[in-house]
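Heads up: the structure comes next, in structure tokens.
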Amino acid sequence: MKDFRKQKVWQKSHQLTLDIYKVTENFPKEELYGLTNQIRRSCASIPANIAEGCGRNSDADFSRFLLIAMGSATELEYHLLLAHDLEILNNLNFEKLSKETVEVKKMLTSFIKKLKADR
């Protein structure tokens with residue numbers, strides 16, 4: 001069992017989630033149960049799946065949860081684009097959050113490749 005708090009990809013995705021929650025506080029109230037919820041849910045799913053994977057007994061299981069986290073990161077990437085295109089998310093926040101999301105995806109990809117190579 002690995003300590004998820006020590007994983008750099010978990011730390012980065014946790015910070016991204018905190019940033020997402022701050023930015024989405026300013027979203028329109030009518031989006032609270034729509035896009036706001038979707039963005040928060042997909043983002044929080046990334047570190048949650050990393051944490052759950054760390055609690056598993058094998059690298060194969062851990063890798064599977066990292067792949068699920070990758071799917072959530074890709075979903076988040078789309079939701080950010082949608083929020084930007086709907087003019088709910090300004091350019092500065094869109095660029096910052098998109099960059100952070102891509103960085104998390106790169107970290108997940110590297111981690112998954114490492115786990116597969118170690119098998």
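Some values worked out for this structure:
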quantity	calculated
Whole-angstrom gap from the stretch 39-66 to the stretch 87-119, using each part's C-alpha centre	14
Rough spin-label spacing in nm, given labels placed 7 Å along Cα→Cβ, for residue 33 and residue 98	3.1
Residue order, fewest to most surrounding Cβ atoms within 10 angstrom, among 70, 1, 107	1, 70, 107
Rel. contact order, % - alpha carbon contacts under 8 angstrom, at least six apart, the stretch 4-117	30
Cα-based helix-to-principal-axis angle, 35-54 vs the chain, degrees rounded to 10	10
Peptides 81-90, 13-22 ordered by average Cβ neighbours within 10 Å, highest first	13-22, 81-90
Residues 30, 100 arranged by fewest to most Cβ contacts within 10 Å	30, 100
Calculated P(r) tail over 12 Å for the stretch 41-81, as whole % of Cα pairs	52
More than 22 Å apart - percent of Cα-Cα pairs taken over the chain	32
Projected label distance in nm at residue 118 and residue 22, using a 7 Å step from Cα toward the beta-carbon	3.2
Residue of 12, 105, 96 that the Gaussian network model of the chain assigns the largest fluctuation, springs spanning Cα pairs under 10 Å	96
Estimated vicinal HN-Hα couplings, Hz - the stretch 104-114 in sequence order (Karplus 6.51, -1.76, 1.60; Gly, Pro = x)	4, 4, 5, 5, 4, 4, 4, 5, 4, 4, 4
Potential lengthening between residue 91 and residue 74 on full extension [0.36 nm per residue; Cα-Cα distance subtracted]	4.2 nm
The chain, helix-only ellipticity at 222 nm - DSSP H runs n ≥ 4, -39,500 (n - 2.57), divided by all residues, nearest 500	-27000 deg cm²/dmol
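Values quoted throughout were computed directly from the atomic coordinates according to the rules given, and no laboratory measurement underlies them. Because the structure is predicted, anything quoted here is derived from the model rather than measured. Heads up, the Cβs are rebuilt from the backbone with ideal geometry, glycines too, and the neighbour counts pull from every protein chain shown.
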